[in-house]
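S.K.: Submitted below is the structure of interest, expressed as structure tokens.
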Amino acid sequence: MTTMESGGCSDEVLTECLTAVDELLVRPFPTTCHDDATESGGPGHHVRVLRASHDFWDDIGGEAWHRADAELRACLDALGTQCTTRWGDPYEVDLWSYLIAGYEGAEVPDPLDLLSQLAVSMRVWPIEDHGRWLGLTVGQGDTELPLELLAVVGRTPVPGPSLSAGA
């Protein structure tokens with residue numbers, strides 16, 4: 001994980017993020033679920049924090065949050081441009097629909113269940129030669145917690161929420 005220190009997305013940061021994405025695309029998926037401060041995963045997926053802001057416990061007026069959001073979104077855009085050059089135009093996945101589906105009793109598969117609790121949408125590139133997809137988003141676990149630029153790699157295709165048998 002890289003904590004933001006100043007302004008936008010430098011070439012060095014962009015290279016670091018692309019290296020992390022490339023590594024996730026070829027890394028075998030874990031057989032069991034794991035979670036730590038910078039990475040989580042399970043059968044069929046990896047989630048990695050590429051960049052993180054500081055927390056916002058003392059950000060009374062929201063100025064630090066807005067700066068951090070702008071910086072991470074600039075990095076998301078720069079990284080997205082590089083991914084589009086490599087794999088073509090992304091499509092947008094509405095993570096909000098997965099959150100609502102989960103609240104309504106649907107079984108939402110990981111990593112979409114986790115992501116829907118952190119972000120509203122995600123840009124997705126199918127990486128057909130790897131049989132995987134890459135997702136990028138900016139998310140936040142709670143208003144006081146750091147904002148995070150997240151890279152997600154999953155097995156193709158991106159699954160949809162489905163109602164569980166008991167719902």
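The values are calculated or read from the model by the stated rules, or taken from the named source; none is laboratory data. Quick caveat, the model's predicted, so the values are computed rather than measured. Cβ: placed from backbone, ideal geometry, glycine included. Neighbour counts: every protein chain shown. The protein model used for the area step is the full one, side chains on, heavy atoms only, and it has no ligands, DNA or RNA in it. Shrake-Rupley method; radii C 1.70, N 1.55, O 1.52, S 1.80 Å.
S.K.: Checking the structure you have, find out if any residue of the range 133-151 is at pLDDT below 95 and at positive phi.
M.R.: There is no residue in the range 133-151 that is at pLDDT below 95 and at positive phi.
S.K.: Would you say ASP69 is open to solvent by 50 Å² or more (accessible area, probe 1.4 Å) and either at pLDDT below 95 or within 17 Å of LEU150 (Cβ to Cβ) (or both)?
M.R.: Details: open to solvent by 50 Å² or more (accessible area, probe 1.4 Å): no; either at pLDDT below 95 or within 17 Å of LEU150 (Cβ to Cβ) (or both): yes.
No, not satisfied.
S.K.: Continuing with the same structure: Does any residue of the range 120-132 turn out to be in a strand (DSSP E or B), β-branched (Val, Ile, Thr) and more than 11 Å from the chain's Cα centre (by Cα)? It would help to see each step written out before you state the result.
M.R.: Taking the range 120-132 and keeping what is in a strand (DSSP E or B), we get 121-127, 132.
Imposing the further condition that a residue be β-branched (Val, Ile, Thr) reduces the set to 124, 127.
With more than 11 Å from the chain's Cα centre (by Cα) added as a condition, the list becomes 127.
Yes, there is a match, as at least one residue in the range 120-132 is in a strand (DSSP E or B), β-branched (Val, Ile, Thr) and more than 11 Å from the chain's Cα centre (by Cα).
S.K.: Quick one: in the range 85-96, which of the residues that are within 16 Å of the chain's Cα centre (by Cα) and open to solvent by 30 Å² or more (accessible area, probe 1.4 Å) is farthest from VAL13 (Cα to Cα)? Walk me through it before giving the result.
M.R.: Going residue by residue through the range 85-96, those that are within 16 Å of the chain's Cα centre (by Cα) are 90-96.
Okay, now just the ones that are also open to solvent by 30 Å² or more (accessible area, probe 1.4 Å), so 90-92, 94, 96.
Values: PRO90: 21, TYR91: 24, GLU92: 24, ASP94: 27, TRP96: 29 Å.
My answer is TRP96.
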